[in-house]
Amino acid sequence: MPQGAPRAGGQQGLMAGRHYYSEHAAGLKRELGRALPRDEILRLHAKSPARHLLVAARQFVMLGLATWGLVRFEHPALWVPLALVQGWTVFNFTVLLHEVVHHAVFASPRPRAERLLGLLYAMPSGLSATQFTRWHLDHHAELGSSDHDPKRHHLSPKINARWLKLLYMTPALFPIYFRAARRETATYPPALQRTIRWERLASIGAHLAVLGGVWWAFGGAAALRAYIVPVFFVFPVAFTINRLGQHYAIDPDDPAQWSTLVRAHWFWNFWYLNSNLHLEHHYFPGVPFYRLPALQRALGPFFEAHGIQSRTYGRLLYGWFVENRAPHTHWV
């Protein structure tokens, strides 16, 4: 790779040759560095705070308008589509939080602004920003390991059964996720655990306040439409479909295919803020989400040379539920 260019797969001091991914993907990193010209790599890593914040503002507007509509309208033809928008928008705040984790918002270090944005983006989905950060960076560092990647070790289904997979698309996702997070958090230093505990309590308190406020001001039916259905019934569907396109259909023997290549599509790019382009993100974690479609196009020859097959969400859902494919395996 040309001197001075961002390293493929590099991640803020976590991948310095002592983690599973860096130990197994050194050749992949060098090949990715040769696959794209230096100028293109630098261009793809260019960050635009204004562009990020405009998207964030749009998401807050969507959240506000959907909430207003869900409170205002009682006919299912109106409030059901709005509930889908609301639930998916809540999920997409985790995508914005993910950008903060990878320092993909500002062109230069802005720790206080990043901390504020992280707390803000974590709130709609009830997460601890600190826990999400540690969990996610460990996931990058230990990608490919069945034991040390916390997302794979704690969150992936351990029984390849359709009934268990379906539970992830229901309110059962929340105890499943928070049980996984609690187990991993127990391995952290005490000071970090305390920070996570306080952030989680604050997030839960904010959610209870919102639910109670809507219920008190507009009644139980409005609270059902504006909070319970989007958060507990739509969010898990958005979460599960997105996760299907991350690391379930892979080639365990090829580090270049330890993530799933999902075919870009304007609808899913908008619906998921480009987080559907997850393989590209693991190749170059510092590329902002709004440049991932361009990165996928630029890597087309690399994918073709490696025989990496792109998949649609429809095909992934069919493989997951109908064919009952196991996670983190080679789906033919």
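Remark: segment 63-73, residue by residue, has Karplus-estimated 3J(HN,Hα) of 4, x, 5, 5, 4, 4, x, 5, 6, 7, 9 Hz, where x stands for each Gly or Pro and the curve is 6.51 cos²θ - 1.76 cosθ + 1.60 at θ = phi - 60°. Close amide-amide hydrogen proximity is noted between ALA249 and HIS328, each under 5 Å apart and 5 or more residues distant or on a separate chain (H modeled in the peptide plane; Pro and chain starts excluded). Highest GNM mean-square fluctuation among HIS98, HIS24, HIS45, for the chain modelled with Cα contacts below 10 Å: HIS24. For the pair LEU166 and SER108, the difference between a 0.36 nm per residue extended length and the Cα-Cα distance amounts to 16.6 nm.
For the chain, take the longest principal axis of its alpha carbons; what is the angle in degrees between that and the long axis of helix 129-141, to the nearest 10 within 0 to 90? Helix 129-141 sits at roughly 30 degrees to that axis.
Taking the C-alpha atoms only, the angle from helix 111-122 to the longest principal axis of the chain is near 50 degrees. Mind running the shape call on segment 121-189? Use the C-alpha gyration tensor, a ≥ b ≥ c as the square roots of the eigenvalues: rounded below 1.5 for a/c, prolate if a/b tops b/c, oblate otherwise. Since a/c reaches 1.5 but b/c is at least a/b, the shape of segment 121-189 is classed as oblate. On C-alpha positions alone, give me the angle between the axis of helix 173-185 and the longest principal axis of the chain, in degrees, nearest 10. Taking Cα atoms only, the helix is inclined about 50 degrees.
Judged by the ratio a/c of the largest to the smallest principal axis of the C-alpha gyration tensor, segment 100-150 counts as oblate, that ratio being 1.5 or greater while a/b is no larger than b/c. Using C-alpha pairs under 8 Å with a sequence gap of at least 6, the mean separation divided by the residue count of the chain gives a relative contact order of 24 percent. Would you mind classifying segment 241-332 by shape? Square roots of the alpha carbon gyration tensor eigenvalues, ordered a ≥ b ≥ c; an a/c under 1.5 is rounded, otherwise it is prolate if a/b is larger than b/c and oblate if not. In terms of gyration-tensor shape, oblate.
For Rg and Dmax of the Cα atoms in Å, the choices are (1) 19.1, 52; (2) 45.8, 183; (3) 19.8, 61; which was calculated from the structure? Answer label, from the structure shown: (3).
Any read-out appearing in this document is the output of simple, stated calculations on the displayed coordinates, not a laboratory observation. Source: prediction; values computed, not measured.
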